[in-house]
Amino acid sequence: MLRHTPCQSLASYLTPWQVLRLFPKKRENLDRLSLAVVSSLAQNNVRFVELRSSVLYLAALQNCSPAQALERLLESSRTASDRFGMRLGLVLTVTRGDYSSVGLSTLLQAYQDLGEPDDVVGLDLAGDEEIAYPAELPSLFRKAKDRFGFGITIHAGETGRVENVRSAVELFGADRIGHGTAASKDPHLLDLLARQDICIEVCPISNRLTGAVPVDEAHPLLEFRRHQVPFVICSDNPAIHQRGLADDHATAMTEGLSANDISEQFDIAKRYSFIEGLN
């Protein structure tokens, strides 16, 4: 159920989720999980956080409507974050596939049905990067961004496909890129990311464990820094690592960042967060 050493593939790394993803089937378990997540973040001195969540999966698991699932998730996360005095924003995840556009429309309808709550701050596209998505999906993301003011973050370039990073920027209008490790292979793409001020969500521990960055290669965060591509150190799947954001910061230092680089991370995180009014 835990991942402490590099895996053969991303699919192998994610095997524990076949069981873990069943835990929130009961409402009380969702509350317990939310409290555990925020408590762990507080132990790492986190003051604000964005959490990705698949509301459509939660709705199917709990046999309720997407609006009900979103409402339950909001109530659960609000209770937990209020207890620890933490600012929390939700990023709604759409999974790649033939029905991605339908999924996005359903999510947006649920969001509107609940009165467009302020703590929903962004949209994310995730899932296997080899799986195709409908041709209209990028324009739907851009329209949602314009209409609701969402930040857009796209999982791209985690599994070695440089073109997925470029598509995330040029087609989806991404503000941030999840992982983006493959971008380091293309200097022109790095220059594009720097010019358009697109932030990379770097997850040092996860990147090594999933094989996104092979053990015999330097982590691309140094290449990001050399090309002046903004990046923020993030914690990815801390439950199956049993390590938190402070550990990701420490790992980033072993990958080549200086103590000064780490001290700047809090301000960088505020700058590129989708949560408004951070100070």
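We did not get these values from a lab; they are worked out from the coordinates using the rules stated. Computed from a predicted model, the values in this text were never measured in an experiment. Cβ placement follows ideal geometry from the backbone for every residue including glycine, while neighbour counts extend to all protein chains displayed.
Structural remarks
- Dipole moment magnitude, nearest 20 debye, the range 44-93 about Cα centre, only Lys, Arg, Asp, Glu C-beta charged: 160
- Take every DSSP beta bridge whose two residues both sit in the chain; close to 0 percent of them are antiparallel.
- Furthest towards positive pole of dipole, 77, 245, 190, structure part the chain, Cβ charges: 77
- The trypsin sites (Lys or Arg not before Pro) of the range 165-251 include none that DSSP puts in a loop with a beta carbon having at most 11 other beta carbons within 10 Å.
- Hydrophobic, long helices, defined as DSSP H runs whose alpha-carbon span along the helix axis is 15 Å or greater and whose mean Kyte-Doolittle value is at least -0.5, occur in the chain at 27-43, 100-113.
- Mean residue ellipticity (222 nm) of the chain, computed from DSSP H runs ≥ 4 via -39,500 (n - 2.57), nearest 500: -14000 deg cm²/dmol
- Remark: the chain is approximated by an ellipsoid whose semi-axes, taken from the C-alpha gyration tensor as √(5λ), come to 27, 22, 19 Å, largest first.
- For the chain, the residue among 8, 107, 40 whose Cα projects farthest onto the positive side of the dipole built from Cβ charges is 40.
- Going by neighbour counts of Cβ atoms within 10 Å, the residues 253, 86, 1 line up, fewest first, as 1, 253, 86.
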